[in-house]
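Engineer: Supplied in structure tokens, the structure appears directly below.
The values are calculated or read from the model by the stated rules, or taken from the named source; none is laboratory data. Note that the structure is a prediction, hence the values are computed from the model and not measured. A quick note on method: Cβ atoms are made from the backbone with ideal geometry, for glycine too, and the neighbour counts reach across all protein chains shown.
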Amino acid sequence: MRVALFITCLVDVMRPEIAESSVKLLESAGCTVEVPMSQTCCGQPGFNSGDTATARDLARKFLAEFEHFEYVVTPSGSCGGMIRHHYPRLFADDPDLLNRIDALAARTWELTAFLHDVLKLRALPGRFCGEVTYHDSCSGLRELGVQAQPRALLALNPEIRLTEMKDARACCGFGGTFSVKYGNISSAIVDEKIERIHASGAPCVVLGDLGCMLNIEGRLRRTGDTTTRVLHVAQVLAGDVPAQEA
Amino acid sequence: MQVQSMHFKARSGQKLADVRLQQNLKILSQRWTVGRTQAIAELDDFEGTRDEAVARRNRALANLDVWLERFEQAASARGTKVLWAETPEEASRLVVEIARRHGVRKVTKSKSMVSEEMALNRHFEAAGVQVVETDLGEYILQINDNEPPSHIVAPVVHKSKDEVSDLFARVHQRPRLTDIPQMTREAREFLRPHFLSADMGVSGGNFIIAETGSVAVFTNEGNEGLCTVLPPKVHVAVTGIEKVLPTLEDLATVARLLPRSATGQSISNYFSILTGPRAPGEQDGPEHMYVVLVDGGRTGLLGGEFQDMLRCIRCGACMNHCPVYQKIGGHTYGWVYPGPMGSVLTPAYQGIEKALDLPQAATMCGECHVVCPMKIPLPDLLRKLRERQLDRGLRPWRERAGLALWGFAAHRPALYRPLTRMASRVLRWIGGDAGRIRSLPMSAGWSEFRDMPAPTGPTFKERWARRPR
């Protein structure tokens, strides 16, 4: 199965190891992974800021780069949501393009949904041992319905103990540019999320979107918590988690 | 009511620092989200009921003019006078005029958010008419120097019991009480004489029913009946023109969702269908009944990309579940309607330029859309407002420049790749051994509150290009 990886702009720059873990997971399941090197961004920052024209242009670029693949997989619920959920609405007035966008959107998957729903993964390629709690990222959860899949995949490894936090589905307060424009409100929201992560007792929070990851980790570190780990679900499933520094 | 939404940023800072408010909001969000979850679980087919209610509301809005005229005919046939107001101010003038015509000196008022749009109490006072709010929450706000409500269903939710105890002791000049039933009894003692001596009662209208010419009102305290049916000569209901439902059947469907979504009740304690003044031989009801229907910007939404918003039944579920509302409370939004629905309605009714922060101050988490019984796509509507702000040049130049630069680079892979490589290197260098950046001059809103974790190594594309094949 020929699968294209949509890295996402944040993973490419901020946490490239997440893309490596994604490739490892896909290859372990027998996929041939390709990475179109001209890919940049799905257009979400512009789309959510009201710049629909640029979002449409980037959607066309994405279509040209990925249309010839059987599947497109991305380690992000919000970028996956942008492509699957929002791209088709951007072209409601252009029936020809809409048909092609619809077809590509249907073949584009968030990583855990693809591993679970399409590949029906039964075994994980790496080892990770410990207790974790899972934060549901908003777009993945509400636009794509990603909720059971990451948990089912984590359960494939008997050495992972998942302890649910209260209100795992509550927003972490990131919201893209919201986190910069209204940093004080955003940090008040993430403080509540952190409270719940701590209350779960798990030393590690696992999630599926870079925005939440940077927001939660950034606030943890700023408030003096240097030990609670923030990991992408791909890293945990692939067993690519470096030993904790002392 | 004057729009104060331009002070959003300053107010949100104050509200975040208000420890007591933060505790009160936490209690609210917990109680009401749990309440709704339990209440909708009672319905055999919540989703089916919701789809049906949405379809019925859409049917009403698709031919709004027809249903409104039908309502007017049916209401007139039962002796109700229907008056039309293009603006909230005009509606206030009409209501004050009704009071003058009937020689009214005192008005009791049941809860109505449209009357907040109209600033009705101020108009009554200017005309020398005494007005008494009789909903407990609204009463508390009125005796606290006419404080505005902070929630459309629970107007005083920002206050704790202790704050109300202090207020009652000060205003009522009685010993301070701390037991809620006793406090409620005290408020009733103060309100009862007003009910008995009022000449006119004003209520809102959750819905108006075209086939019968009725006004439907959902309440929990029984004060509405005392305002509208029992003693007064005159009852005036004020509501928005979008609240029309063609039939009682429609009302029955929507009634299954409204209290459940709002307060987590299967049905509110009181549910009145008011049809016309007291007819000969009838035991109760007012001598005169009026319905004042307010446009106030609503027709401007018809047939446009914001029409979905007119389905709103004012349950408040969107704000109860909103992570932003839960942190800053209702007053920060600066007009009558707070939370996600208010962030659409305020710019839509009052002018997009008067409420620039509201559509931006949302995380787009989508929970409001998930819980809305009318399936209003609130995040999409907020995004459309952001689009209009940008199109009309209402965003700051730095934001526009940033977007333009990002768009330019994201289109040009040959430029984008070296840029991201460089960005990764620079950020890693700033991050140092700790791998954390403490200050981002271009994004101070982030770094004032959070570190920025630095990149963990060269970009994935660099690594992939080096991967042996």
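Engineer: Please work out if B:P232 is buried (at least 21 other Cβ atoms within 10 Å of the Cβ) and farther than 22 Å from B:I376 by Cα.
Structural biologist: Yes: the conditions hold for B:P232.
Engineer: OK, next. What helices (runs of 4 or more DSSP H) lie completely within segment B:1-64 and have 2 or more residues being at pLDDT 95 or above and closer than 19 Å to B:V157 by Cβ?
Structural biologist: Answer list for segment B:1-64: B:8-17, B:19-41.
Engineer: Sort through B:P246, B:P232, B:P277 and tell me the only one that's in contact with a Pro (Cβ under 6 Å, 6 or more places away or on another chain) and closer than 17 Å to B:F71 by Cα.
Structural biologist: Among B:P246, B:P232, B:P277, only B:P277 is in contact with a Pro (Cβ under 6 Å, 6 or more places away or on another chain) and closer than 17 Å to B:F71 by Cα.
Engineer: Under the condition of being surrounded by fewer than 19 Cβ atoms within 10 Å (Cβ to Cβ), within 28 Å of the chain's Cα centre (by Cα) and among the charged types (D, E, K, R), which residue from segment B:388-420 is farthest from the other protein chains (Cβ to nearest Cβ)?
Structural biologist: Within segment B:388-420, the match that is farthest from the other protein chains (Cβ to nearest Cβ) is B:R392.
Engineer: Of all residues in segment B:237-254, count the ones that are under 22 Å from the mean Cα position of the chain (by Cα) and surrounded by 21 or more Cβ atoms within 10 Å (Cβ to Cβ).
Structural biologist: Of the residues in segment B:237-254, 11 are under 22 Å from the mean Cα position of the chain (by Cα) and surrounded by 21 or more Cβ atoms within 10 Å (Cβ to Cβ).
Engineer: Residue pairs, Cβ under 6 Å, 6 or more apart or interchain, first in segment A:208-233 and farther than 15 Å from A:V132 by Cα and within 9 Å of chain B (Cβ to nearest Cβ), second of a type in the set (D, E, K, R) and surrounded by 24 or more Cβ atoms within 10 Å (Cβ to Cβ). List them.
Structural biologist: Cβ pairs passing all conditions: A:G218/B:R450; A:R219/B:R450; A:R222/B:R450.
Engineer: Pick from A:A152, A:A168: which is modelled with pLDDT of 95 or more, among the aliphatic types (A, V, I, L, M), in contact with a His (Cβ under 7 Å, 6 or more places away or on another chain) and crowded, with 17+ Cβ neighbours inside 10 Å?
Structural biologist: Criteria check complete, one pass: A:A168.
Engineer: Now for a different question. Testing B:L177 on (1) free of Cβ contacts under 8 Å to residues at least 24 places away in the same chain; (2) surrounded by 15 or more Cβ atoms within 10 Å (Cβ to Cβ); (3) under 30 Å from B:C318 (Cα atoms), one condition comes back false. Which one is that?
Structural biologist: Checking B:L177 against (1) free of Cβ contacts under 8 Å to residues at least 24 places away in the same chain; (2) surrounded by 15 or more Cβ atoms within 10 Å (Cβ to Cβ); (3) under 30 Å from B:C318 (Cα atoms), the one that fails is (3).
Engineer: Mind telling me which of the residues B:G48, B:G35, B:G79 ends up being in contact with a helix residue (DSSP H, G or I) (Cβ under 9 Å, 6 or more places away or on another chain) and surrounded by fewer than 19 Cβ atoms within 10 Å (Cβ to Cβ)?
Structural biologist: It is B:G35.
Engineer: Sticking with this one: Taking the condition more than 30 Å from B:L301 (Cα to Cα) and touching a strand residue (DSSP E or B) at 6+ places or on another chain (Cβ under 9 Å), does B:G407 pass?
Structural biologist: When the stated conditions are applied, B:G407 does not pass them.
Listed here are the residues, each with its yes/no results for (1) within 19 Å of A:K166 (Cα to Cα); (2) in the same structural domain as B:H151 (by TED's automatic domain parsing).
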| residue | (1), (2) |
| --- | --- |
| B:V3 | no, no |
| B:K9 | no, no |
| B:L16 | no, no |
| B:Q22 | yes, no |
| B:I27 | yes, no |
| B:W32 | yes, no |
| B:T37 | yes, no |
| B:E52 | no, yes |
| B:N58 | no, yes |
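Engineer: Follow-up. If I ask for residues that are surrounded by fewer than 24 Cβ atoms within 10 Å (Cβ to Cβ), charged (D, E, K, R) and under 17 Å from A:G77 (Cβ atoms), which ones from segment A:108-120 would you list?
Structural biologist: The one that is surrounded by fewer than 24 Cβ atoms within 10 Å (Cβ to Cβ), charged (D, E, K, R) and under 17 Å from A:G77 (Cβ atoms): A:D117.
Engineer: With (1) within 8 Å of chain B (Cβ to nearest Cβ); (2) in contact with a Lys or Arg (Cβ under 7 Å, 6 or more places away or on another chain); (3) β-branched (V, I, T) as the list, and A:V180 as the residue in question, which single condition is left unmet?
Structural biologist: Condition (2) is where A:V180 drops out.
Engineer: Could I ask something else about it? Take B:L382 and tell me if it is under 26 Å from A:T74 (Cβ atoms), touching a Ser or Thr at 6+ places or on another chain (Cβ under 7 Å) and either more than 9 Å from every other protein chain (Cβ to nearest Cβ) or exposed (fewer than 14 other Cβ atoms within 10 Å of the Cβ) (or both).
Structural biologist: So B:L382 passes the test.
Engineer: While we're here: Just to verify a result, which residue in segment B:294-343, among those that are of a type in the set (S, T, Y) and more than 14 Å from chain A (Cβ to nearest Cβ), is nearest to B:L141 (Cα to Cα)?
Structural biologist: B:Y337
Engineer: Sticking with this structure for a sec: Sort out which residues of segment A:60-89 are aliphatic (A, V, I, L, M) and within 22 Å of the chain's Cα centre (by Cα), and write them in order of number.
Structural biologist: A:L63, A:V72, A:V73, A:M82, A:I83
Engineer: Can you pull out every residue in segment B:421-430 that is within 26 Å of A:R60 (Cα to Cα) and either basic (K, R) or crowded, with 18+ Cβ neighbours inside 10 Å (or both)?
Structural biologist: Answer for segment B:421-430, where residues must be within 26 Å of A:R60 (Cα to Cα) and either basic (K, R) or crowded, with 18+ Cβ neighbours inside 10 Å (or both): just B:R421.
Engineer: Failed condition for A:E143, given (1) closer than 20 Å to A:S200 by Cβ; (2) touching a His at 6+ places or on another chain (Cβ under 7 Å); (3) crowded, with 16+ Cβ neighbours inside 10 Å, with all others met?
Structural biologist: With (1) closer than 20 Å to A:S200 by Cβ; (2) touching a His at 6+ places or on another chain (Cβ under 7 Å); (3) crowded, with 16+ Cβ neighbours inside 10 Å applied to A:E143, the lone miss is (1).
Engineer: Does A:G201 qualify as being among the small types (G, A, S), surrounded by fewer than 20 Cβ atoms within 10 Å (Cβ to Cβ), in contact (Cβ under 8 Å) with a residue 60 or more places away in the chain and away from chain B (no Cβ under 11 Å)?
Structural biologist: Yes, satisfied.
Quick grid of which residues meet (1) within 16 Å of A:P16 (Cβ to Cβ); (2) assigned to a loop (DSSP other than H, G, I, E, B):
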site	(1), (2)
A:V205	no, no
A:G211	no, no
A:L220	no, no
A:T227	no, yes
A:L231	yes, no
A:V236	no, no
A:D240	yes, yes
A:A243	no, yes
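Engineer: Please enumerate the residues belonging to segment B:344-373 that are within 13 Å of another protein chain (Cβ to nearest Cβ) and of a type in the set (S, T, Y).
Structural biologist: Listed by number, the list holds a single entry, B:T363.
Engineer: Ok, one more. So which residues in segment A:95-117 are within 17 Å of the chain's Cα centre (by Cα) and of a type outside the set (D, E, K, R), if there are any at all?
Structural biologist: A:A105, A:T108, A:W109, A:L111, A:T112, A:A113, A:F114, A:L115, A:H116
Engineer: Say whether the condition of being of a type in the set (A, V, I, L, M, F, W, C) and either surrounded by fewer than 24 Cβ atoms within 10 Å (Cβ to Cβ) or assigned by TED's automatic domain parsing to the domain that holds A:S137 (or both) is met by at least one residue in segment A:76-88.
Structural biologist: Checked segment A:76-88: no residue is of a type in the set (A, V, I, L, M, F, W, C) and either surrounded by fewer than 24 Cβ atoms within 10 Å (Cβ to Cβ) or assigned by TED's automatic domain parsing to the domain that holds A:S137 (or both).
Engineer: Let me ask you something else. So for segment B:194-203 (the condition being over 21 Å from B:I152 (Cα atoms), touching a residue at least 60 places away in the same chain (Cβ under 8 Å), in contact with a helix residue (DSSP H, G or I) (Cβ under 6 Å, 6 or more places away or on another chain) and not in a strand (DSSP E or B)), does at least one residue qualify?
Structural biologist: Yes: one or more hits.
Engineer: Quick check: anything in segment B:85-101 of a type in the set (V, I, T), outside any helix (DSSP H, G or I) and under 29 Å from B:A17 (Cα atoms)?
Structural biologist: Looking for residues that are of a type in the set (V, I, T), outside any helix (DSSP H, G or I) and under 29 Å from B:A17 (Cα atoms), one finds none in segment B:85-101, hence no.
Engineer: Another question, then. Would you check which residues across segment A:24-49 are surrounded by fewer than 23 Cβ atoms within 10 Å (Cβ to Cβ) and touching a strand residue (DSSP E or B) at 6+ places or on another chain (Cβ under 8 Å) and list them?
Structural biologist: Of everything in segment A:24-49, those that are surrounded by fewer than 23 Cβ atoms within 10 Å (Cβ to Cβ) and touching a strand residue (DSSP E or B) at 6+ places or on another chain (Cβ under 8 Å) turn out to be A:E27, A:C31, A:T32, A:V33, A:E34, A:V35, A:P36.
Engineer: If you don't mind, there's one more thing I want to ask. Using the structure shown, decide if B:F207 is of a type in the set (F, W, Y) and farther than 30 Å from B:D162 by Cα.
Structural biologist: yes
Engineer: May I pose another question? Please determine, by comparing only the residues of segment A:183-198 that are at the interface with another protein chain (Cβ under 7 Å from one of its Cβ atoms) and of a type in the set (V, I, T), which one is farthest from A:S21 (Cα to Cα).
Structural biologist: Result: A:I185.
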